[in-house]
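This report refers to the structure that appears directly beneath it.
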């Protein structure tokens, strides 16, 4: 690898933020089973990555470019909002503990799925 792919770095940073969210959501609520939020995150992100391309083809939508594009420098700044949003979401269970944050985990997992799909799309275009 000659250089680090920015879309891959975006997916990795969003993935780490999602892991932090799953941990804070799981440990802040004693009434929720410990593995439930982790399973929600894996199923939601995996489902998005696997099913979204088929849905896009079925709806006859054009292929989207990766989130971070060399030709548009502002895409990197806008894409940085994904891990930032997931990190802010990870702080919510710490501020208001005891709730069920499954929906928050699903939303963050879909955001991670979007960044992972973008990294896969950039890899396909490069190679």
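The values are calculated or read from the model by the stated rules, or taken from the named source; none is laboratory data. Only a predicted model underlies this, so the values are computations on that prediction, with no experimental measurement involved. Glycine gets a Cβ as well: all are built from the backbone with ideal geometry, and neighbour counts include every protein chain shown.
Structure above, values below:
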| quantity | calculated |
| --- | --- |
| Unmet requirement for residue 95, which otherwise passes all of (1) out of contact with any strand residue (DSSP E or B) (no Cβ under 8 Å at 6 or more places or on another chain); (2) closer than 16 Å to residue 13 by Cβ | (2) |
| Residue count for the range 83-124, restricted to those that are touching a residue at least 60 places away in the same chain (Cβ under 8 Å) and within 20 Å of residue 65 (Cα to Cα) | 15 |
| Any hit, the range 35-56, residues being assigned to a loop (DSSP other than H, G, I, E, B), at pLDDT below 95, touching a helix residue (DSSP H, G or I) at 6+ places or on another chain (Cβ under 7 Å) and within 24 Å of residue 105 (Cα to Cα) | no |
| In the range 60-82, the residues that are free of Cβ contacts under 8 Å to residues at least 24 places away in the same chain and under 17 Å from the mean Cα position of the chain (by Cα) | 75, 77, 78, 81 |
